[in-house]
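Okay, structure first, notes after.
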Amino acid sequence: MSAWFNTAIASMRARAARSDMGQTAVEYLGIIAVVVAIVLAVTGTSIGSAILDKIMTQINRIV
């Protein structure tokens, strides 16, 4: 009975490890896609210019 139990546990652990394979790569790909979408939105609209103007204003206040 003990041998069967150990084999069943080993099988369940192996199955759990296989189901997570590649998950991290997909998560990184999703993060990269979101960052690219944000960069395209900022550079493709006037929002990017507004942000740059505000940053330059604050820098000029310091200097």
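The values are calculated or read from the model by the stated rules, or taken from the named source; none is laboratory data. Bear in mind the structure is a predicted one, so any value in this text is a computation, not a measurement. In case anyone asks, the SASA skips ligands and DNA or RNA and just uses the protein heavy atoms, side chains included. Shrake-Rupley method; radii C 1.70, N 1.55, O 1.52, S 1.80 Å.
Miscellaneous remarks
- The set of residues in the stretch 35-57 being of a type in the set (S, T, N, Q) and at pLDDT 90 or above consists of Thr57 alone.
- Of everything in the stretch 19-63 that is small (Gly, Ala, Ser) and not in a helix (DSSP H, G or I), the residue that is least open to solvent (accessible area, probe 1.4 Å) is Gly22.
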